[in-house]
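One structure below.
Every read-out reported here was derived from the displayed coordinates using simple, explicitly stated rules and does not represent laboratory data. Just so we're clear, the structure is a prediction, and the values are computed from it rather than from any experiment. Please note: Cβ atoms are built from the backbone with ideal geometry, for glycine as well, and neighbour counts cover all protein chains shown.
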Amino acid sequence: MAAHADVKLAAAAFCADLKQECDALTQTLGQPNADRTAVLTRLSIALKSLTEATVFLPAYDQRACAAMLKTISDQLTTAAPARAKFTFASRKAKSSTPAAGPPESAQPLAEQRLPPPQALPPAALAPRPTARQICSNRNCYIAPPPVPISSAESSTSSDVEVADLTRCVVSLLDLHVGALHLKNLDRCVLVVGPIAGSVLVESCRNCVFVICCRQLRIHNSVGLAIPLHIASHPIIEDCSALRFGLYPRAALADFASVERFEAARIDPNPGASAHKTVEDFCWLKRGQSPNWVLMSSDDEHACGTEAMALATSSVVDEQALMDSLDALVARFSVA
Amino acid sequence: MGLLTVLKKLKQKEKEIRILILGLDNAGKTTILKRINGEDISTISPTLGFNIKTLDYNGYKLNIWDVGGQKSIRSYWRNYFEQTDGLVWVVDSADRPDRFADCKAELHSLLTEERLAGASLLIFANKQDLPGALSSEEIAKLLDLKAIQTHHWQIVGCSAVTGDNLLTGMDWVVTDISKRIYMLD
């Protein structure tokens, strides 16, 4: 499948390149004293590349590209200065022949369709008050203060972003999370209760995530161990060495109570969890993807309960906490 | 019966509209489709491939195509462009700021696509039920929608989970398309 994706990309890239070249050529042709031989040379080079590209180019694109080049070559011939016909007309009449300029009709269509340049809106966004951010930290224990789960409705839950952490233990058990974004985490342990929405993991390495959610997407990550309870099929893209297991509900006790599952509208029955049917977007063949495995039942139990113990530990000794973090990561999530 | 009458009758029989739903991953495309179709939305997995639904709507037959939005399969979107009457672009209004940049780039590159040239463009600012959601005006600004002059477009704030405004949006897109295609009727 990877090869197919490459072909698609190559076709798209080729079309884009050719379009750019054509636009450049029409623009050159539009100028009053365009160098026609240069345009002709570039046109023939483009034509040659198109012929070569027919190997991978779909029929539609072949036609479209050929049509683009045809337009240019038509323009080139019509815009060519009309060669003066040899006649015995008087000198006066000959000199009155207007210098052939580019015909009006040859104006490139593409240029007319381009939107007028406009000032871009300021990219800076005011931080949203409801979105929580935990970022840029290392070697520490992070547990945001509990938020009272008053109405236990998904409408009161907030998005949480956890980013750029190295060697941290993060406990989100006391939070009522709507959607969770994890980005650039290295050697971290993160534990969270039932989430009504989705979890997006991007560029994480050697972590243990204990997650319960509706949807899970993992991108560009290596070496994760994920005890998981999920309502839909988890998907992975450009990942390797991922290990999935069962969510340690027993160890989580109150944090994963039936009420909290119900608040997130997720079936608490372990049999309803789809954590075993991971879909790898980079492995569309039949058979098991080499990029992920299921943990053995001993491992998933140990991994889940130990991560849980770390996240809820009241150990004051930071060194001891970091040591157990390292041990956990080394045991379960090193690629 | 004259030929014109025969043609008109044939045309009336199949007032088909083809709608393509696209957007980044986790925008809620499948949820919107299933919600409109009245299906269960609690166990939707990220789409690997595509879903098609055909439904009757105000006398039109809508063929709605929902194509997965994961990065690795976005290059396949172009396979679905042909004969599209309406493009529905779905945005997660509560998304991270860096993903809005992605979203804008993907949308604007779609709009240069020749095969989508005639399509009406509906932007669904989805997930308005979430507390962190941006308003449709803010999203219009972020995606630089004002710069779009090649397509008829409209932005509608909605929530697939509650079902708010989904029909408003679909009404707009169907009306806009039918004005264009079936203006003779």
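Just a few scattered comments:
- Segment A:258-335 - charge dipole about Cα centre, Lys and Arg +1 at Cβ, Asp and Glu -1, debye rounded to 20: 500 debye
- Under the Debye formula (equal points on every Cα, no solvent term), log10 I(q)/I(0) of segment A:239-323 at q = 0.11, 0.19, 0.20, 0.21 Å⁻¹: -0.44, -1.00, -1.04, -1.07
- Förster radius 25 Å - calculated FRET efficiency between B:Arg115 and A:Thr28, Cβ distance, rounded to 0.05: 0.40
- Averaged over the residues of A:20-33, the number of partner chain Cβ atoms lying within 10 Å of the residue Cβ comes to 0.
- In this calculation the C-beta distance from A:Arg331 to A:Ala64 is compared with R0 = 51 Å, giving a FRET efficiency of 0.40.
- If R0 is 41 Å, the Cβ-Cβ spacing of B:Asp98 and A:Thr37 corresponds to a FRET efficiency of close to 0.30.
- Averaged over B:35-48, number of beta-carbon atoms from partner chains that fall within 10 Å: 4
- Between A:Ser314 and A:Ser257, the simple label model (points 7 Å from Cα in the Cβ direction) yields a spacing of 1.9 nm.
- Alpha-carbon Debye profile of chain B, log10 I(q)/I(0) at 0.20 Å⁻¹: -1.52
- Rounded to the nearest 20 debye, the dipole magnitude of segment B:19-74 is 160 debye, with +1 charges on Lys and Arg beta carbons, -1 on Asp and Glu beta carbons, and the Cα centre as origin.
- A simple spin-label model places pseudo-atoms 7 Å from Cα toward Cβ; at A:Glu52 and B:Tyr182 they are separated by 5.0 nm.
- Measuring against 25 Å, Cα to Cα, the residue pairs A:Lys19/B:Lys179; A:Lys285/B:Lys34; A:Lys19/B:Lys61; A:Lys8/B:Lys146; B:Lys34/B:Lys127; B:Lys71/B:Lys104 contain A:Lys19/B:Lys179; A:Lys285/B:Lys34; A:Lys19/B:Lys61; A:Lys8/B:Lys146 as the ones spanning a longer distance.
- Within straight-line reach of A:Lys70, meaning a Cα separation under 15 Å, sit the following aspartates and glutamates at least 8 residues removed in sequence or on another chain: A:Glu21, A:Asp23, A:Asp61.
- log₁₀ of I(q)/I(0) at q = 0.10 Å⁻¹ - segment A:177-260, Debye sum with one point per alpha carbon: -0.21
- Highest average packing first - A:181-194, B:46-59, Cβ atoms within 10 Å: A:181-194, B:46-59
- Helix B:3-13 vs. chain B, principal-axis angle (Cα, 0 to 90°, nearest 10): 30 degrees
- Size of charge dipole - segment A:198-250 - debye, nearest 20, with Cβ of Lys, Arg +1 and Asp, Glu -1, no other charges: 200 debye
- Inter-chain shielding of A:274-283 (mean C-beta neighbours from other protein chains, 10 Å cut-off): 2
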